[in-house]
Each structure stands twice: as C-alpha cells, then as structure tokens.
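Asker: Here it is, the structure, as structure tokens.
The values are calculated or read from the model by the stated rules, or taken from the named source; none is laboratory data. Source: prediction; values computed, not measured. All Cβ positions, glycine included, derive from the backbone under ideal geometry; neighbour counts span all protein chains shown. Protein only, heavy atoms only, side chains kept; ligands, DNA and RNA dropped before computing areas. Shrake-Rupley method; radii C 1.70, N 1.55, O 1.52, S 1.80 Å.
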Amino acid sequence: MPASLAPRELAGQDILSVRQFQRDNLEPVFALTEHMREVVRRDGGTDLLARRVLAALFFEPSTRTSASFIAAMERLGGSVIPITQGVQFSSVSKGESLPDTIRTLEQYADAIVLRHPVIGSAQEAADAAQVPIINAGDGAGEHPTQALLDLFTIRDELGKLDGLHVAMVGDLRFGRTVHSLTQLLAQYRVKLSFVSPEILRLPLDLMNEVRGRGLAVQETYSVADVIGEVDVLYVTRVQKERFTDLAQYEELKGYYVIDEAIMAAARRDMIVMHPLPRVGEIDPRVDADPRAAYFRQVQNGMFLRMALLAGVLGKA
Ligand code: ASP
Ligand code: CP
C-alpha cells in the first residue's frame, strides 16, 4: 500500500483505508470531485470510463454506497456487475470462499467494490486480487470512501477544515465511518468531541492516536455539553448488527435523538451530518433546517466516488 495517494497516483491501487490519504493529496481528490459535480450538473456524465466494468460485491445491506458506486460508474460511461441484492444469489451460498469469489470476478471486471462484515476482509480480498479492491466497509473496521465524502462535505459546506470543532455522536465503538473520519480529521487542526454512552466509546487505540497528534479532544456522554459550540455535529446509528446481546442494543438505541429543541441551542452556521441510514437518531422535523446537511452529503458520495473510480481506473 503506497504511503500517500493523489488521484493520478490511485491508478491501479486498492483503497482499503484512509491511512493511504495524506492531507496534501486530498485537495486534488476534492478538486476532481468538484469537477465531477460540474460535469454531472452540466451534461449528466462523461464517457471517461467507457467499456470499463466494476464489480460491486456486497455481503452486507447497503443503499447509498452500492447505489452511488453504480451511479458513479454509469455516469462515467462504464458498467457494473451488481452483486448487491444479497450474496445468497451468488455461489457464496454454496460455500465459495472470499478469495475464490474475488479471483472469479476479476476475470470480468477492472475493479471490485467490496462490503463485508469481517474486519480485514478488504485486505484479504486485495491479497487475492490483481485488480483494485475498494473497501465499502469491512465490519466495524473502516469505511474509507464514506470518510472521504464526509470530509469533502464539511469542506464544501463550511469552506475549510482547519479550525473547526467536530463532534461525533452515537456509536463510536462499532461505527466504521467514525473510525475512518476520525483518522482523516486528525490530520487537520481541529477540535474533536466524542459523545457516546460509556459502552460505545471510541476504541482506545484510535483515541490514543488522536491525542498523540496533540489535538484538542473532549469525551462526554452529553450532546448538551457540545451543542452550542460545534461547527459539525456528526450523528451515527447504534450498529445493531455488531451486538451479540440484543437487549443491550435495545437499551442503547434511543440514547441520542437530535430534535428541534437541540437544534435551537446550536449555532446558526453549523451543520448536522449523518452517514445514514438513521433509525431515530435525528427527528425528521430537523430535515427542513438548512443546517441539516445529510442529504447533500449523500449526493456528494456519488461525485466523490466518480473521482475515486476515475483515479483507480487510470483516467484521472
Ligand atoms: N452506512 C454506514 C455504514 O455502512 C453507517 C451505518 O450503517 O450506520 O457503515
Ligand atoms: N452510508 C452508507 O454506507 O450507507 P449504506 O449502508 O446505505 O451504503
């Protein structure tokens, strides 16, 4: 895995972790994302990836990541082998291994997007593959393309990254988007607040890494402690699928609900984000608030993935 990737250097590379991206190389990725946005708004897309094929292999449910990768590929003139409607219809259900599945798909496709419930599965796939593997979420590990679109959204909405106060709320333990975004934000001069119940705190190794970079860091159980100060409130779902004890999940799932009363205490120029899906953490009445950025965030996912696909397939 190369130390650092700009769009052109992505050619032929896997995208497994945000650790591959340094802040200096992120600006060209974001510039290409803005370009893709212009192209889509002006012409609907381009033929940059004509005759290129992407395989989308999803072992866990997805709406946004799968749909945006498919839309991104199609808006670039390419096509997709979608194994997104349940691997039960593939030969995985006959017991085929992940490496064999990957080695098969790469006979047809130029790159493979993989979502899988096991941490490290994207690396396992990359070890088996000759074509680039893009990690679309490996269990409670990472979700690097989500974190890149999250960072793009913050920069796009607020015009900067340095100097911001970002609070992450909810399931910081199992939330892979939080794990990836925290590592990216740690490269900037930001204040990070981690708001969670005790049992869902950010993993210690990540917390130590953030503290080791000398960033201002706060941990609290209470949204009220941070709501008046934050530039970004990044809300997350309690990750039901990672719990072995469902009674514990039931206790935790309603812990935070961002509603109009909470928003009344927030700054006028802040934004609320969520990787989605939400299952009660943000009251739908907040959607009409201009500070609710989560559906704009969804759209940015397609533009950002267009930029990544162009890079990985050597057309950036
Ligand atoms: N969609 C995101 C993920 O797959 C967040 C979530 O599911 O809560 O990690
Ligand atoms: N944000 C995200 O990964 O959404 P999906 O799980 O719907 O792909």
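Asker: Taking the simple approach of a point 7 Å from Cα along Cα-to-Cβ for both ASP225 and SER90, what is their distance in nm?
Answerer: Distance between label points: 4.2 nm.
Asker: What distance in nm separates the simple spin-label points at ARG296 and THR63, each placed 7 Å from Cα in the Cβ direction?
Answerer: Distance between the two pseudo-spin positions: 2.1 nm.
Asker: Something else now. Counting each DSSP H run of 4 or more residues in the chain as -39500 (n - 2.57), what helix-only mean residue ellipticity at 222 nm follows after dividing by all residues, to the nearest 500 deg cm²/dmol?
Answerer: It lands at -11000 deg cm²/dmol.
Asker: May I ask you to give the percent of accessible area on segment 89-133 that is carbon plus sulfur, with a probe radius of 1.4 Å? Provide the component values of the computation, followed by the final result.
Answerer: Values: 1090 of 2280 Å².
Of all accessible area on segment 89-133, carbon and sulfur atoms account for 48 percent.
Asker: Would you mind calculating the gained length between ARG268 and ILE81 on full extension (0.36 nm times residue separation, minus the Cα-Cα distance), in nm to one decimal?
Answerer: The span from ARG268 to ILE81 would gain 62.9 nm if fully extended.
Asker: Continuing with the same structure: Running a GNM on the chain with Cα contacts under 10 Å, which residue among ALA224, ALA109, ALA266 ends up with the highest mean-square fluctuation?
Answerer: ALA224
Asker: Further, regarding this structure: In debye, nearest 20, what is the charge dipole magnitude of the chain about its Cα centre with +1 on Lys and Arg Cβ and -1 on Asp and Glu Cβ, if you could check?
Answerer: Using only the charged Cβ atoms, the result is roughly 560 debye.
Asker: Follow-up. Less than 17 Å apart at the alpha-carbon level, and either on another chain or at least 8 residues along: which lysines does that give for LYS191?
Answerer: In chain and number order, the partners are LYS160.
Asker: Another one. Which cross-chain or sequence-distant (5 or more) residues have an amide H under 5 Å from the amide H of TYR234, H modelled 1.01 Å from N in plane?
Answerer: ALA167, MET168, VAL169, MET273
Asker: How large is the accessible surface per residue of segment 40-165, computed with a 1.4 Å probe and reported in Å² as a whole number?
Answerer: 42
Asker: What are the semi-axes of the equivalent ellipsoid for segment 177-316, taken as the square roots of 5 times the Cα gyration tensor eigenvalues, largest first, in whole Å?
Answerer: 24, 20, 18
Asker: Separate question: If I take R0 = 30 Å and measure r between the Cβ atoms of GLU250 and ARG285 in this structure, what FRET efficiency does the formula 1/(1 + (r/R0)^6) give, to the nearest 0.05?
Answerer: 0.80
Asker: Moving on to the next point. Using +1 on the beta carbon of Lys and Arg, -1 on that of Asp and Glu, and nothing else charged, what's the dipole of segment 50-206 about the Cα centre, debye to 20?
Answerer: The calculation lands at about 340 debye.
Asker: Using 0.36 nm per residue of separation minus the Cα-Cα distance, give me the extension gain between ASN208 and LYS240 in nm, one decimal.
Answerer: 8.9 nm
Asker: Let me ask another. If R₀ is 30 angstrom, what is the calculated FRET efficiency for the pair GLU74 and ARG19, using the beta carbon separation as r and rounding to 0.05? If you can, show how the numbers build up before the last one.
Answerer: Numbers: r = 30 Å, r/R0 = 0.99.
So, using R0 = 30 Å, E works out to roughly 0.50.
Asker: Using the Karplus curve 6.51 cos²θ - 1.76 cosθ + 1.60 with θ = phi - 60°, what ³J(HN,Hα) values do you get for each residue of segment 255-269, in whole Hz, with x for Gly and Pro?
Answerer: For segment 255-269, the Karplus-derived couplings read 4, 10, 10, 7, 10, 4, 5, 5, 5, 5, 8, 8, 5, 5, 9 Hz, x marking Gly and Pro.
Asker: Let me ask something else about it. Given a 1.4 Å probe, how much area per residue of segment 238-316 is accessible, in Å²?
Answerer: Heavy-atom SASA per residue in segment 238-316 reads 46 Å².
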